[in-house]
Amino acid sequence: MFICNMVHWSLVSVIFGFILVIAASFLGWYMFPKMILKKVTESVTILEGSDQYQRFVNLPQPIQFNVYIFNLSNPVQVQQGDLPLVKEIGPYVYKQYRRKKVKKFLNGGSSVAYSQETRFIFDKESSLPFGENDKITILSIHMNAFLQIFERDVEDIFLNLHSKFNNTINKNPGIRLVRRLVDRLRGNRKSVLQLSEGNPALSLLMTHLNHNLDMIFDNPSSMFLYTSVKNFLFDGVKFCINPSGLAKVICNQIKDKGSKTIKTLQDGSLAFSLFNHKNGSSEDIYEIHTGKGDISKLAKIQKIDDMSSLQIWLNNTEENLSICNMINGTDGSSYPPFLQHRSPLYIYSNDICRSIEMIYEKDVKYEGISALRYRIGDNFVNNIGPEFQNDCFCSSKLLNIMKRKNGCLYPGALDLTLCLGSPIIITLPHMLGASVEYSRLIKGLNPDHKKHRTFVDIQEVSGIPLNGKKKIQFNMFLKNISSIKLTENLTSILMPVLWIEEGVSLNIENVIMMKSKLINVLFTLKIIHWGAFIVGCIIVMLSIINYTILNKKSSPVDRIG
């Protein structure tokens, strides 16, 4: 009888174990995912007045903005034609605070329009031993840009001067020459080099321009500046100080052109700074998806300035949009949740006027939190040209530079002239992966795949970036410009200026908050799921084994009884 009862309880245990396994499976693979989907969707959807809305308007912590400058060690020799020797100094660390100014919610709350306000605060402690007052020798970007744009658009520039300042030209005998020369240039657009070969009058004009460069750019002795980090990056390098004659006309033209990197000071002079235009409110209006109705679209950019595509790069035709002008992905500050499939992600960077593909690399951990690491795709600056169906990035706006026969730059470099209105060329830091046509001409570069690649670690359930760095280098071509004495001995090179590392590593407060509100909950649910599932399986197996053993031991009498 005893054995018979044991057999009975073994059968009950088997049934209980099966019920536990089924319940664990139902909870773990249906109810818990459904609960998580609902809770995460509710917590990350941007709804007015919600906690996520507050995090959306004010980022939980500042972004770190690190600047590494290529200080030139041999400016005198480079001015005479030698190759540059550069030394990286930095980082100069800034805390970047971002605040969004929400304009309105659209489409029933599924999208939101906003502009962004940014402030940069220098972090003295994190920058040590470097300081904002450090003196640097660096390429004179504003003068170099002026000369290259002049070389490219000489006719348009002086036609504009001729039209806009007609009265001044008529009154000044020295400047009347410009008018006569413009009339001769009309109808035949050529480079300065081509024009000067067959036009002695233009050579005279170039001589006049050479004399006025001193007045415009404060008596430069070379193409390089000796200035402070603070002035170069934010406060501004002054030029056009009390100009007169043609120099004044040119300075007014520079002012009217409205470059973001040039501001007018109270005394009427101009000042160039590389990043001061990023300090303050942006005029761009972004429209992004709030996640309402489709959480997979959360934070994806839908429009910029009420346009669903860019109008910057070349299009295939007037009606056919090119891949270069497409706006894909988010701005990189957040991503859609539930990234289990490891599909490629896209981020749009306003600094370079294009979207960038990020591809899954590997699973990682950040402060004990599991994450997916995405890195920048190789096609960012390497795979550009007609063979990659993206030759719309080959703007071909610069003259007499090192480029391929099809007009595209060599691999590893991208021309941002159309984007920025200035002949800036971007590469990866230290020209990582760039063609030898560029990198071999610069001494002092030390490219490193681990240090100089863009990456982001994303918590796959919430889509929150835990750790990430965007890394870009700014360069300009340095070259001889015909009839400009200051450039006559220069060797044609792609000159590195600086590189930036922009990103965020989630601080300990936000790590603790994420663990308590999400990670620990997920872990608890996982323990319940697998704990119940494994216990149920063990009960079933042990009960079956026990039932088999007892069944073999039981006698016929026991079975009858």
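Points to keep in mind about this one:
- Positive contributions from Lys and Arg (+1) and negative ones from Asp and Glu (-1), summed over other residues with Cβ under 15 Å from the Cβ of residue 348, come out at -2.
- Segment 100-146 versus segment 23-76: alpha-carbon centroid distance in Å: 20
- Cβ-based net charge around residue 75, under 14 Å, with every Lys or Arg adding one and every Asp or Glu removing one: +2
- Cα-Cα separations in segment 320-363 greater than 14 Å, expressed as whole percent: 53
- Proximal lysines relative to residue 479, as straight alpha-carbon distance under 16 Å, when same-chain residues fewer than 8 apart are discounted: 397, 403
- Packing-based order for 221-229, 448-456, using average beta carbon neighbours within 10 Å, highest first: 221-229, 448-456
- Candidate lysines - alpha carbon under 17 Å from residue 104, same-chain residues fewer than 8 apart omitted: 292, 300, 303
- Residue-level accessible surface for residue 151, protein heavy atoms, 1.4 Å, Å²: 0
- The relative contact order of segment 343-469, computed from alpha carbon pairs under 8 Å that lie at least 6 residues apart in sequence, is 21 percent.
- Taking every DSSP bridge with both residues inside segment 330-473, close to 95 percent are antiparallel.
The values are calculated or read from the model by the stated rules, or taken from the named source; none is laboratory data. Every value quoted in this text rests on a predicted model; they were computed, and no experiment measured them. FYI the Cβ positions are ideal-geometry reconstructions off the backbone, even for glycines, and counts take in every protein chain you see. Accessible surface is based on the protein model in full, side chains and every heavy atom, while ligands, DNA and RNA are left aside. Shrake-Rupley method; radii C 1.70, N 1.55, O 1.52, S 1.80 Å.
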